[in-house]
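The values are calculated or read from the model by the stated rules, or taken from the named source; none is laboratory data. Just so you know, these numbers come straight off a predicted model, no measurement behind them. Because the Cβ atoms are built from the backbone with ideal geometry, glycine has one as well, and the counts that use them run over all protein chains shown. Surface accessibility is based on the protein's heavy atoms, side chains included, excluding ligands, DNA and RNA. Shrake-Rupley method; radii C 1.70, N 1.55, O 1.52, S 1.80 Å.
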Amino acid sequence: MSDIVVKNLNCGYGDKVIFGGFDVTFKENEINVVLGGSGVGKTTLLNVLAGLKTYDGEISGVDGEVSYIFQKDRLIPTISVYKNLDLILRSVYKDKNNRKKMIEEMASLVEIDDVLHSLPNEISGGQAQRVAMARAFLYPSKVLLLDEPFKALDTALKSRLIKKLVELNSIEPRTVVFVTHAIDECLLCADEYCVFEDNPVRIALEGRIASNKKARTLTDRDLEVERNKLLAALTRNA
């Protein structure tokens, strides 16, 4: 694997151009955060990287399968949490006992041990997002895409889940592209970030946060500079 490199990306919907000659690089095995307002093109970029959206241009560093965590958990409602997780492993790992061990270990990491045999409608929204996170990390991909998966959650739960994301990615590093409109989400987990502006998309700001992700809190003084830069970029045209 290597960095994900997007060159001369062109795509849109009908006559509306979203990306026109767009370039961006996402660093290998790091958490790359993309910020921008609603409708700016963040999800379109993820869909391009996932092979769900047609485009013109060159993309390298996305070889094979990707894992995708959507805004909604997209769990199958008629089967248990365990079976939702087992389903995505069956095509890759034939040994049932091996799959069981993998699921139980991941469930312990994201603290869903007690709901493995529940149906998705019997668990909370936060638990469902942890299931979605477990599913994404169980699947053996080198690229992980996240489309604002924490936007409907309260601040405390969001912070805990982002810490889980950081922890999981330190255990088994993947190239993460995480799109959000929330500055605090970026500050808690980003290695690198960029801010999108549209008509068509361009990068208005990019930067790197060097502090240890595992130890970050939103009250860290060294994050204030980054917060102010991000706030200025995101509100420039408001």
- Sorted by chain and number, the residues with a modelled amide H under 5 Å from that of LEU205, at a separation of 5 or more or across chains, are VAL195
- Item | Correct choice for Rg and Dmax of the Cα atoms in Å that was computed from the model, options [x] 16.3, 47; [y] 18.0, 55; [z] 17.1, 53 | [y]
- Note on the structure: Calc'd 3J(HN,Hα), the stretch 108-120, phi into Karplus 6.51 cos²θ - 1.76 cosθ + 1.60 (θ = phi - 60°), Hz, glycine/Pro = x, comes to 5, 4, 9, 6, 10, 3, 7, 10, 4, 9, 8, 7, x
- Violating pairs (Cα-Cα greater than 31 angstrom) within the set LYS53/LYS96; LYS96/LYS213; LYS96/LYS164; LYS16/LYS213; LYS7/LYS229: LYS53/LYS96; LYS96/LYS213; LYS16/LYS213
- Between ILE203 and GLN71, how many nm apart are label points set 7 Å from Cα along the C-beta direction? 2.5 nm
- Note on the structure: To the nearest 10 degrees, the tilt of helix 224-235 (Cα long axis) against the first principal axis of the alpha carbons of the chain is 70 degrees
- Message: To test your reading of the geometry: what angle, between 0 and 90 degrees and rounded to tens, separates the Cα axis of helix 125-138 from the longest principal axis of the chain?
- Response: 90 degrees
- Sorting ASP222, ASP198, ASP73 by accessible area (1.4 Å probe), largest first, what list results? ASP222, ASP198, ASP73
- Ordering of 151-157, 229-235 by burial proxy (mean other Cβ atoms within 10 Å per residue, highest first): 229-235, 151-157
- Taking 7 Å along the Cα-to-C-beta vector as the label spot, tell me the ASN10-ASP23 distance in nanometres, rounded to one decimal. 1.6 nm
- Message: Less than 15 Å Cβ to Cβ from LEU205, Lys/Arg counted +1 and Asp/Glu -1: what total charge do the surrounding residues give?
- Response: +1
- Would you check the accessible area of ILE203, probe 1.4 Å, heavy atoms only, in square angstrom rounded to 10? 50 Å²
